[in-house]
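**Student:** Below: one structure in structure tokens.
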Amino acid sequence: MKSIRDDEAASEVMGVDTTKWKILSFTFSGFWAGIGGGYYLNCIGLIDPTAGNLMELGIIMLMVIMGGIGTLAGPIAGGIDKLKASIEKRPLP
């Protein structure tokens, strides 16, 4: 995956099936996006067009950038912190 990211043409020359790896990574990321969407639905209780506004997108991008774009643990920790903050702000029933 790193070789495809750095130089796709060189990876193909070395015998790496770049199409297979791109499809695999797209499928993997789509799977985890679906899992995250399911947890988000469970947290807020309703999905409507106003749920994903520009401010929310900015917060998510900020979590990823501050956590580290090249790492996996940083954005996950940022997402967990954001989830905890949104749960604590929610009024009690």
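Read-outs throughout are calculated quantities, based only on the coordinates presented, and are distinct from any laboratory measurement. Just so it is clear, the model here is predicted, and its values are computed rather than measured.
**Student:** Which whole-number percentage describes the relative contact order of the chain, with Cα contacts under 8 Å and a sequence gap of 6 or more?
**Tutor:** For the chain, the relative contact order is 12 percent.
**Student:** Quick one: what are the phi-derived ³J(HN,Hα) couplings along the range 34-40, Karplus 6.51/-1.76/1.60 with θ = phi - 60°, whole Hz, x for glycine and proline?
**Tutor:** Karplus values, whole Hz, x for Gly and Pro: x, 4, x, x, x, 5, 5.
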